[in-house]
Amino acid sequence: MEPFYSVAARRILPATLICISVALTACNSSNSSEPATGTDPDPDLSVSTPAPAADDEPILEDALFNTASGFVVTREPGPRLVVAEEAADLTDADFDLGLPAAVVQVPDGLDTSVNQAPFFANLQNQDVLAGEILEIVYRPEDPDGGLPGMFPEKLPQGGSFVDNFDGSKTFRWQPLQADVGINRFTVTAVDAENGQYRVSQPLLIRVSLPADLTSIPNVAPELDTIEPHYVRVNDPVVIELKGIDLNGSIPSIEAVDLPVGATLTQDPRFEEIYVLKFVPVETGLASVDVIVRDSVDSSLTTEETVSVSVLSADDFEHTGQPLRELAANRNIQIGFAALQSFYHRPDGAIYAHVAAREYDIVTPENSLKMDYINPEPGRYQFAATDNLVAFARQNDMTVHGHPLIWYRQVPDWVLNAEAGSRELHMTDFITRIMSRYQNDISIWDVVNEPMDDNGELRDSVWLESMGESYIATALQSARDVSPQATLLINEFDISMAGPKFDGLMSLVDRLQAQSVPLDGIGFQMHLFSSYDQFDALRQNFAAVADKGLDIYITELDVSLDGDDSLEDQASAYRQIMEICLQQPNCKAVQTWGLTDQYSFRTIYDPLLFDRSYQAKPAYFAVQETLQ
Ligand code: XIL
């Protein structure tokens, strides 16, 4: 434990702090005595980029930081990926352009020559110092008369938007150090006659530091929001607590009264994160009180309670046989997409238990995507995928790799590389990633989402630089690495008749005419419960099978539509399962996620398990169909 802590603290903390807002090359060179792992400071992107190096290899993680049991957890050797959100930041040049244009939403059928849009007169961008109070009165006007309504899109922390009861509202905000920079604030005006006729007016607020920093009030820090979680009694619970201080300093966190055996430790890599770990031994609400303390004025504190709901082991069991046992009898595989690093979530242990009990095939939801696994030329982040592979091996699951080549989640360095070099980066990537996981991952979505809605090839950096041949080249490179792997093209919105499916089938014909290796088609199937194209689905499966290809349902989820019930959702799952079982070439059904808690469509509760890991009617429908 000791060497791990001190190495990480010396090497990683300063680098993370420096790298967050500056360009990476600058960061590397300013830190030249300790270069970022495996990264060439100024790579020539027209040639092959550096292959993974020993420095990219994950290192063992202390069990303190995870909920895993039975498989080893590693972490990245370097800092966690700094997500490029900062890149989208507004600049002084944006500010100087003046008030950004308003966005008008016109409902279908509305005649804008008869009913004109409401607007805000006399608004302008605002310059303000941190610590000053900014007040802006919003008074929407409607050329047709009447009193338009209004609401703010999102209030900044500490801001208010108060009704003056005279047709105006006042936005009031005291920005602090953490707000320095250019902030966007948007208010939407709503037409007096038609509530769907709306005008969203953004305004930019430039916050600068005053000469006298003591003029800025110091406010008490807070704890970042923690979502509710359900856990199983006697399982380890890990909760990452993050202190937030609007003054821009990093608060410390202390426990008031730690339960026996619990620990609260500052994360060695990230100063603002504290890791609380404990094992609840009884059911009910398990709570720990913590104090978040200001780092400048230690008398400024906030006390908060951190809780999880603890259920008994029986609460997580259900009737009937697990899906994987039933599926095996029917000669198909059943699986899910795994939340990245689920073992770092409070409910990681029950997540692993339910996944291992039910499923025999798993896809990493994000950790193989190019922008994550190869974020910079010559830097690779393998830990999340390695951990999932270890979990799969432990539980006798197949791993389905996703995706090798996609138009989204492509790292900036590839987007910015010369078009002529992208083929090399593509084949390098396929070769390196597939070789690394040669013995672990047997099915690959080699090309993801190549078609657009009209059945043409979708615009992408890959199409742009290589034309249609990128698809054949990608598939052939994949086959060169692995003669045995199952190679798929994965696509969405192909569970109905239409130009997109037809376009995909024509692509398959062209590939087959050139003897390009391809073993199957992945049907994503992100559906709504109103979905009723079952005949078309059956026909599309048959068309794929007729070409000698296998069918994988790769990303199934059924979002609840309007007033639809859980039974309606179950019915969609049931019919899809039946269609797969009737088609001999349908090899696997995987849902996109395990529990509604973490679904990428979480607001629509689309999966088989709810937020407390209870099997939903949809689960029992799948179970019955497999029986
Ligand atoms: C989604 C993930 O679920 C999200 O967590 C991520 O933010 C974006 O990507 N089709 C695909 C998947 O092929 O990779 C997408 O996954 C969902 C749509």
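Where a number appears in this text, it was derived from the coordinates with a stated rule and is not lab data. Here the structure is a predicted model, which is why all the values come from computation and not from measurement. Counting neighbours? That spans all protein chains shown, and the Cβs are built from the backbone with ideal geometry, glycine included.
The mean sequence distance of close C-alpha pairs (under 8 Å, at least 6 residues apart), as a share of the length of the chain, puts its relative contact order at 11 percent.
Bridge orientation summary for the chain: considering DSSP beta bridges with both residues in this region, about 60 percent are antiparallel. With the alpha-carbon atoms of the chain aligned to their principal axes, the span from lowest to highest coordinate is 72, 71, 57 Å, starting with the largest.
For region 429-488, the dipole from Cβ point charges (+1 on Lys and Arg, -1 on Asp and Glu) about the Cα centre works out to 460 debye, to the nearest 20. Helix content alone sets the calculated 222 nm mean residue ellipticity of the chain: runs of n ≥ 4 DSSP H residues at -39500 (n - 2.57) each, divided across all residues, give -7500 deg cm²/dmol. Simple spin-label estimate for Arg538 and Ala121 gives 6.5 nm between the two label positions (7 Å along the Cα-to-Cβ direction from each Cα).
Here, P(r) means the percent of Cα pairs in each 10 Å bin from 0 to the largest distance; for region 440-574 it is 12, 41, 32, 13, 3. Along the positive direction of the dipole of region 449-583 (beta-carbon charges: Lys, Arg +1; Asp, Glu -1; about the Cα centre), which of Ala542, Gly562, Ile576 reaches farthest? Positive-most Cα among the choices belongs to Ala542.
When you work out D = kT/(6 pi eta Rh) for region 138-177 at 37 °C and 0.692 mPa s, using the Kirkwood radius from C-alpha pairs as Rh and the Stokes-Einstein form, the result is 284 µm²/s. Computed across region 392-444, the Kirkwood radius stands at 12.6 Å (inverse of mean 1/r, all Cα pairs). So, R0 is 30 Å and r is the distance between the beta-carbons of Leu581 and Thr74; what FRET efficiency does that work out to, to 0.05? Once rounded, the FRET efficiency stands at 0.20. The lysine pair count for the chain, using Cα distances under 18 Å and pairs eight or more places apart or on different chains, is 4. Of interest is the spacing of the C-alpha centroids, which for region 524-597 and region 156-172 amounts to 47 Å. Going from the residue with the fewest nearby Cβ atoms within 10 Å to the one with the most, Ser168, Ser465, Ser46, Ser599 rank Ser46, Ser168, Ser465, Ser599. In terms of overall dimensions, the C-alpha atoms belonging to region 54-212 reach 68, 49, 31 Å along their principal axes, ordered largest to smallest. If R0 is taken as 41 Å, the Cβ-Cβ distance between Ser113 and Gln409 corresponds to a FRET efficiency of 0.40.
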